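Each remark here refers to the structure printed beneath this line.
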Amino acid sequence: MSSVVGASRALRAQFFVLGVMFATWGVHVPTVKGHYGLGEQALAIAMLAGGVGALMALAQAGRVVGRWGPRAVSAVMGVACCASIACLLAGSAYAALLAVMLLFGITGSLVDVAINTEATEIERLAAKPLMSGFHGMFSLGGMAGAGLGSVAPALGLSPQAHLLVATGLGAVVVLVGSRAMLPVPEKAAEEKHPLSLPRGPLLLLGVLASMGLIAEGAMYDWSVLFMKQERASEASTAALAYASFSGAMATGRFGGDWVRARLSGTQLMRASGVLGAAGMALALAVPSPVVALVGFALVGLGLSNVVPVLFSAASQVPGVSSAHGIAAVSGVGYLGMMAGPPLIGLIAEHSSLTSGLVVVVVFAVFMALSARRALQGR
């Protein structure tokens, strides 16, 4: 049991570092744009390169993690992920940026599958829900990474110096933490899965993950603009949209294991969908910045445990290894995450951002209605 406790602590550190890396990239999107002299379209293509890399890796992630085990994959790919972020501003050619983003997508997605596979194994050995807490550390890492990025200029750190500090510390934590992770079980090392699109239960779980990630991405990408454009908020107030959502999501994840121990996955998914839909509807329907912030917080609470519940379910599909199940669901989820922002933007361009964000309400309702079928009574 002591090894499980140590592995759990190490894994929390890995989730935290991955959150920091994603936030560090997010903080430096404007820096990257200015450094390479990019327009909106060229920046979007660079982001797309990261998504393409993620999909390429996810197609083989189940096989890779099954062959080498979560501990080895998280160590090697975690350091490579940190290195890719460190190199964001190292070059001057656009092709170099595309290569860096491709590497970031590949390594980040492999780490994601590896640590979630380890999380399901730790949950099984501990015989209690732990997945939400692990994902809470990812959210906490995201907040910490964004916070470090915001204070770096005040500390006298140049953008490149900040990248080196954040990624250097992250790589050290990854290497030290991976040593305490669980060794790969023998049967997992022998598993081989052909490249295939998810079908049946895995497909539905992937669709729900996709909808959850689209809704989550909508909050990150569009909530601040919604406050400025639709609610005429000051910049300081509008910035609270991101904070209210992400803070509520982190809180919901840290409390999620307690809730999962008392509710079935189906009950929690239904409640999550209803709460997310109600929060988004409240923010869209009431023309008040304060009410919008409350609504965004409710959306964060509602969405906080969607991915942990779906990943846990994916790891338990009969006849499929946990790594392959998580990779399949992640792959469909990433497709949705890539398609979501343009979809909302297209609706907003032809109507309004309020209309575009109605997508979040629709998807949250669908998640609630599909919970029983997707989770099969779990």
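Pick out the one residue from Ala59, Ala54, Ala42, Ala46 that is at pLDDT below 95, open to solvent by less than 50 Å² (accessible area, probe 1.4 Å) and within 23 Å of Gly136 (Cα to Cα). Just a single option satisfies the conditions, and that option is Ala54. Of all the numbered requirements in (1) more than 16 Å from Ser210 (Cβ to Cβ); (2) assigned to a helix (DSSP H, G or I), Ala339 misses one, and that requirement is (1).
Sort through Met143, Met131, Met101 and tell me the only one that's open to solvent by 10 Å² or more (accessible area, probe 1.4 Å), aliphatic (A, V, I, L, M), modelled with pLDDT under 95 and in contact with a Gly (Cβ under 9 Å, 6 or more places away or on another chain). The match here is Met143. Of all residues in segment 198-213, those that are in a helix (DSSP H, G or I) and over 16 Å from Val360 (Cβ atoms) total 7. Considering Val65, Val27, Val17, which residue is modelled with pLDDT under 85 and surrounded by 15 or more Cβ atoms within 10 Å (Cβ to Cβ)? Only one candidate qualifies: Val27.
The requirement of being among the polar types (S, T, N, Q) and in a helix (DSSP H, G or I) is fulfilled somewhere in segment 32-48, by at least one residue.
With respect to the conditions (1) more than 15 Å from Ala364 (Cα to Cα); (2) modelled with pLDDT of 95 or more, Ser312 lacks only one, and its number is (2).
Could you go through segment 361-372 and let me know if any residue there is open to solvent by less than 10 Å² (accessible area, probe 1.4 Å) and under 27 Å from Leu125 (Cα atoms). Within segment 361-372, one or more residues are open to solvent by less than 10 Å² (accessible area, probe 1.4 Å) and under 27 Å from Leu125 (Cα atoms). Consider segment 238-255 and keep the residues that are open to solvent by less than 20 Å² (accessible area, probe 1.4 Å) and over 16 Å from the mean Cα position of the chain (by Cα). The one that is modelled with the highest pLDDT is Ala241. Just to be sure before I move on: is Val274 under 28 Å from Thr117 (Cβ atoms) and either in contact with a helix residue (DSSP H, G or I) (Cβ under 6 Å, 6 or more places away or on another chain) or of a type in the set (Val, Ile, Thr) (or both) in the structure I sent? Judged against the criteria, Val274 is not a match. Would you confirm, using the coordinates I've provided, whether Gly319 is at positive phi and more than 15 Å from the chain's Cα centre (by Cα)? Here the answer is yes, as Gly319 does meet what is asked.
Could you tell me whether any residue of segment 114-125 is outside any helix (DSSP H, G or I) and free of Cβ contacts under 8 Å to residues at least 12 places away in the same chain? Within segment 114-125 (the criterion being outside any helix (DSSP H, G or I) and free of Cβ contacts under 8 Å to residues at least 12 places away in the same chain), the answer is no, since none of the residues qualifies.
Results for (1) at pLDDT below 90; (2) open to solvent by less than 30 Å² (accessible area, probe 1.4 Å), shown as yes or no for each residue.
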position	(1), (2)
Val329	yes, yes
Val332	yes, yes
Ser355	no, no
Gly377	yes, no
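Evaluation of Arg270 against the conditions (1) surrounded by fewer than 24 Cβ atoms within 10 Å (Cβ to Cβ); (2) basic (Lys, Arg); (3) at pLDDT below 95 shows that the sole unmet condition is (3).
In segment 350-364, the qualifying residues are those that are over 21 Å from the mean Cα position of the chain (by Cα) and assigned to a helix (DSSP H, G or I), and the one that is nearest to Gly265 (Cα to Cα) is Val358.
Across segment 68-89, the qualifying residues are those that are outside any helix (DSSP H, G or I) and at negative phi, and the one among them that is least open to solvent (accessible area, probe 1.4 Å) is Leu88. Taking the listed residues Val307, Val291, the one that is open to solvent by 10 Å² or more (accessible area, probe 1.4 Å), more than 18 Å from Phe363 (Cβ to Cβ) and of a type in the set (Val, Ile, Thr) is Val291, with no other qualifying. Of the listed requirements (1) within 30 Å of Val320 (Cα to Cα); (2) open to solvent by 30 Å² or more (accessible area, probe 1.4 Å); (3) β-branched (Val, Ile, Thr), Thr107 misses just one: (2).
The residues of segment 310-319 that are over 15 Å from Ile115 (Cα atoms), open to solvent by 10 Å² or more (accessible area, probe 1.4 Å) and touching a residue at least 24 places away in the same chain (Cβ under 8 Å), listed by number, are Gln316, Val317.
The values are calculated or read from the model by the stated rules, or taken from the named source; none is laboratory data. Everything numeric here is computed off the predicted structure, so don't read it as measured data. We place every Cβ from the backbone using ideal geometry, glycine too, and count neighbours over all the protein chains shown. Keep in mind that these areas ignore ligands, DNA and RNA; they rest on the heavy atoms of the full protein, side chains included. Shrake-Rupley method; radii C 1.70, N 1.55, O 1.52, S 1.80 Å.
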